[in-house]
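The values are calculated or read from the model by the stated rules, or taken from the named source; none is laboratory data. Values in this document were obtained by computation on a predicted structure and should not be read as measured data. Methodologically, a virtual Cβ is constructed for each residue, glycine included, from the backbone with ideal geometry; neighbour enumeration extends over all protein chains shown.
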Ligand SMILES: C[S@@+](CC[C@H](N)C(=O)[O-])C[C@H]1O[C@@H](n2cnc3c(N)ncnc32)[C@H](O)[C@@H]1O
């Protein structure tokens with residue numbers, strides 16, 4: 001393993017904003033903050049927002065700066081990427097953001113029903129050969145149903161037509177309320193959009209910057225699942 005990665009892994013063990021529970025093939029077992037993220041981890045009663053497949057966590061950190069009265073959790077299996085966002089949050093004393101290193105497949109083991117208010121999916125892998133592994137497949141949406149509270153929203157930002165279309169198919173097939181849908185986010189941002197929403201939609205993740213440099217068109221949608 002590259003030296004830099006090893007150094008980051010070691011440092012992350014001492015980061016107070018990173019949780020790296022041990023996983024077995026069945027998942028995590030009893031997780032200490034399940035049902036207690038607000039009371040025992042964040043020590044407040046603010047809403048909880050997840051960024052799933054967060055990579056370096058640009059949305060988790062960017063939103064935490066804007067919304068001190070919400071709690072953000074970036075989730076990814078790749079620790080060396082997560083280190084970037086976690087260190088930034090520590091340097092800025094952002095106490096409303098943390099990072100959970102785990103497989104999203106087990107996400108329902110980390111939260112109780114209704115514990116989560118909102119989910120962001122940022123440039124998730126489109127998984128062309130493995131549709132069930134897409135973070136908006138039926139399988140994953142059923143997992144989110146176990147933790148997202150009724151009326152909670154899911155945001156998807158992507159460059160991938162395949163992921164965008166397959167998500168729209170799920171939405172149509174299951175009649176989920178579609179709240180927003182843009183095939184060209186930056187081409188279509190309405191002039192009268194409020195400043196905060198504009199700034200949020202314009203947060204650019206690492207992958208977004210790579211894809212944009214290649215000329216990809218960025219798409220965005222927001223929907224509910226119950
Ligand atoms: C294409 S990258 C996007 C990263 C970041 N959101 C961005 O926009 O720069 C997809 C990320 O999702 C993570 N990921 C994909 N499937 C996952 C899973 N089942 N469990 C945990 N992480 C996953 C990968 O490790 C990777 O960091």
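Observations, loosely collected:
- Restricted to the stretch 111-143, and to residues there that are in contact with a strand residue (DSSP E or B) (Cβ under 7 Å, 6 or more places away or on another chain) and within 12 Å of the ligand (Cβ to nearest atom), the residue that is farthest from residue 11 (Cα to Cα) is 136.
- Considering the conditions (1) away from the ligand (no atom under 14 Å from the Cβ); (2) buried (at least 18 other Cβ atoms within 10 Å of the Cβ); (3) more than 23 Å from residue 217 (Cβ to Cβ); (4) without any contact (Cβ under 8 Å) to a residue 60 or more places away in the chain, residue 146 is excluded by exactly one of them, (2).
- One residue stands out in the stretch 79-106 among those that are part of a helix (DSSP H, G or I) and touching a strand residue (DSSP E or B) at 6+ places or on another chain (Cβ under 7 Å): the one that is nearest to the ligand (Cβ to nearest atom), namely 104.
- Answer residue from the stretch 42-51, given it is touching a residue at least 24 places away in the same chain (Cβ under 8 Å) and surrounded by fewer than 20 Cβ atoms within 10 Å (Cβ to Cβ) and is farthest from the ligand (Cβ to nearest atom) among those: 44
- Residue satisfying all of: in the stretch 61-71; free of Cβ contacts under 8 Å to residues at least 60 places away in the same chain and buried (at least 21 other Cβ atoms within 10 Å of the Cβ); nearest to the ligand (Cβ to nearest atom) among these: 61
- Residue in the stretch 192-202 that is closer than 20 Å to residue 51 by Cβ, in contact with a strand residue (DSSP E or B) (Cβ under 7 Å, 6 or more places away or on another chain) and at pLDDT 95 or above present: no
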